[in-house]
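Student: Right, I'll just put the structure down here and ask away after.
The values are calculated or read from the model by the stated rules, or taken from the named source; none is laboratory data. Computed from a prediction, not measured in an experiment: that's the story for all the values here. Here the Cβ is made from the backbone with ideal geometry for all residues, glycine too, and neighbour counts use every protein chain on show.
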Amino acid sequence: MTGKVWLVGAGPGDIGLLTIKGRQVLEQAEVVVYDALVSEEILTLIPQTAKAIFAGKRSGKHYLKQEETNELLWQEAEKGKRVVRLKGGDPFVFGRGGEEIEALLAHNIPFEVVPGITSAFAVPAYNGIPVTHRDFCGSVHIITGHRQAEKNSIDYGALVKSGGTLIFLMGFAALKEIRTGLLQGGMEPDTPTAVLEKGTTARQRRIVGALSDIEELCEREKIGTPAIIVVGEVCGLAEQFSWYEKLPLAGVRILVTRPVQSGSVLSEMLREKGAQVLELPAISIEPVSDDTALCERFQTLQNGGYNWLVFTSPNGVNIFFQKLLQYADIRALAGVKAAVIGEASEKALLKYGIKADFKPSVYDGETLGRELALLCNPGERLLIPRAAVGNPELICELQKKEGLVIEDLPIYDTVYHNSSILDEKELIENGAVDFVTFTSASTVKGFTAVTGDTDYSKLRAVCIGRQTAAEAKKHGMQIWTAERATLESLTDCLIRAAEETRRKQ
Ligand code: SAH
């Protein structure tokens, strides 16, 4: 059976600007053909099982010619695959989407188009420039500044006459020609003009000035690509309307390492504060394959053999209950008290209808162990279902109390996978990442295992607690530690770290 091709617009960079439909289609893709302008955050959404093919242009080198891309699309679809052609911005705004559709039609391949948010509108918006405003203009024009496409074909006189906002894509290399053309076409030299680099990302920069000196300003600030040029009175509003840079984590790129199931909570919190968040490396939580020990414990539970169940992560809670329902049911827990390490585990437990009986004053393994030991009577039995590589301090503290029976039961492994598309090592070493968050010592271990022999000395690690920080320190990272072991406190810590770093620069 023939597959299908979806032409999907990835938007200008910010992962939040990918459409819901775009994301759904992407998550079901079997083959993804993507361009250079698709942001790294969006690339992390490509399923691990999908074949990802880079079709863009990097450092002047085309990886695939347009004809080769066209061919790849219909050939993969003919094999029966769900193919996503992922393009920066909108597929039809200077995106050659039309040419790809012609090729698909020629081979009778079914297709759909998922429009994207074009950089032409989103990048000005993230810089406080409304592309139209009733007081200033009655139209907006999107023009390619690409030299080959242009070949003197732009009627600058007509553009100037329109009185509309002019937006040039692919025009940065031709900034001089564009400026000259507009001036010759009769535009006032002091017309407000903006050059907007890497819009909607943490690295976005804006230059606003008069048309006549825009080139010089860009040279002075060493503006680079991708960039769009906006010419028109609306550019004068940028200073007053700008909002992105006012967010507390604007301009900050954060790598979040955290088991996928709970990763997005922290990422969303950080994005809300304006950060650009990359979720890497991919992590999966894998229940241990042999359930024999677990089944025995369920039996003991049913026979009233334990006084306490101790949970040290939401993953532990979820996997424990999945397994419990597979072999027994919730009645096995009648009369058993539950202790949790912190708020996230407490919430996870509540989902199964159980209120935690105990939560320590500081959310770490050591405090949990020490305080819980005080509550327990000699002879009480504790079951601790948790990660295969669990924190030893918890057990150590519990063992200090005589007469407790402690059973440490590994129920899952955290497995870290290298990204097949992004190079984590390169991202860290070339400064593309400002901060990395770690929510447990095991996330540090997993992260460093995946990134190999990377130089971590420039990496700023924001850690949830002491043990996590100690692990990160071993690798020579610069450390910040949250005051409390909660995601809120971690976010506050990041804001402080970002401020300190900004002050030093
Ligand atoms: N289809 C895309 C445009 C492709 S042409 C869209 O709808 O956005 C490529 C040009 O888009 C670049 O040369 C640059 O001018 C612009 N562009 C794309 N993303 C950008 C970004 N994040 N910041 C600034 N310009 C961007």
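Student: Consider only pairs whose beta carbons are under 6 Å apart and that are at least six residues apart or on different chains; among these, list those whose first residue lies in the stretch 87-107 and is at pLDDT 95 or above and whose second residue is within 6 Å of the ligand (Cβ to nearest atom) and assigned to a loop (DSSP other than H, G, I, E, B).
Tutor: From residues that are at pLDDT 95 or above, the pairs are Lys87/Gly95; Gly88/Leu37; Gly89/Pro12; Gly89/Thr118; Asp90/Thr118; Val93/Thr118.
Student: Given the criteria under 15 Å from Ile421 (Cα atoms), among the β-branched types (Val, Ile, Thr) and surrounded by fewer than 17 Cβ atoms within 10 Å (Cβ to Cβ), does Thr49 qualify?
Tutor: The answer is yes for Thr49.
Student: Then there's this: Go through the stretch 311-348 and report how many residues are part of a helix (DSSP H, G or I) and touching a strand residue (DSSP E or B) at 6+ places or on another chain (Cβ under 6 Å).
Tutor: Matching residues across the stretch 311-348 total 7.
Student: Can you say whether Leu255 is more than 16 Å from the ligand (Cβ to nearest atom), within 17 Å of the chain's Cα centre (by Cα) and closer than 30 Å to Asn318 by Cβ, as far as the supplied structure shows?
Tutor: Considered against the rule, which asks whether it is more than 16 Å from the ligand (Cβ to nearest atom), within 17 Å of the chain's Cα centre (by Cα) and closer than 30 Å to Asn318 by Cβ, Leu255 comes out as yes.
Student: Then there is this: Looking only at residues that are of a type in the set (Gly, Ala, Ser) and either near the ligand (Cβ under 10 Å from one of its atoms) or buried (at least 22 other Cβ atoms within 10 Å of the Cβ) (or both) in the stretch 105-124, which one is nearest to Val5 (Cα to Cα)?
Tutor: Among residues in the stretch 105-124 that are of a type in the set (Gly, Ala, Ser) and either near the ligand (Cβ under 10 Å from one of its atoms) or buried (at least 22 other Cβ atoms within 10 Å of the Cβ) (or both), the one nearest to Val5 (Cα to Cα) is Gly116.
Student: Tally time: how many residues in the stretch 172-210 are surrounded by fewer than 23 Cβ atoms within 10 Å (Cβ to Cβ), assigned to a loop (DSSP other than H, G, I, E, B) and of a type outside the set (Asp, Glu)?
Tutor: 10
Student: Tell me, which residue of the stretch 201-223 that is free of Cβ contacts under 8 Å to residues at least 40 places away in the same chain and not charged (D, E, K, R) is nearest to the ligand (Cβ to nearest atom)?
Tutor: In this case the residue turns out to be Ile207.
Student: Mind listing just one residue for me: the one in the stretch 77-97 that is buried (at least 22 other Cβ atoms within 10 Å of the Cβ) and away from the ligand (no atom under 15 Å from the Cβ) and, of those, nearest to Leu7 (Cα to Cα)?
Tutor: Val84
Student: Further question: For the stretch 108-126, give me the residue count where each residue is in a helix (DSSP H, G or I) and in contact (Cβ under 8 Å) with a residue 60 or more places away in the chain.
Tutor: Number satisfying all stated conditions: 5.
Student: Further, regarding this structure: Residues that are among the β-branched types (Val, Ile, Thr): find the strands (runs of 3 or more DSSP E) completely inside the stretch 22-94 holding 3 or more of those.
Tutor: Once the strands (runs of 3 or more DSSP E) in the stretch 22-94 are filtered for at least 3 residues that are among the β-branched types (Val, Ile, Thr), what remains is 31-34.
Student: What about Ile229, is it more than 15 Å from the ligand (Cβ to nearest atom), touching a residue at least 12 places away in the same chain (Cβ under 8 Å) and not in a helix (DSSP H, G or I)?
Tutor: When the stated conditions are applied, Ile229 does not pass them.
Student: Only one of (1) more than 13 Å from the ligand (Cβ to nearest atom); (2) over 30 Å from Lys65 (Cα atoms); (3) in a loop (DSSP other than H, G, I, E, B) is not met by Ile129, so which one is it?
Tutor: Failing condition for Ile129: (1).
Student: Another question about this same structure. Going residue by residue through the stretch 138-149, is there one that turns out to be modelled with pLDDT of 95 or more, surrounded by 15 or more Cβ atoms within 10 Å (Cβ to Cβ) and away from the ligand (no atom under 12 Å from the Cβ)?
Tutor: Yes, some residue in the stretch 138-149 is modelled with pLDDT of 95 or more, surrounded by 15 or more Cβ atoms within 10 Å (Cβ to Cβ) and away from the ligand (no atom under 12 Å from the Cβ).
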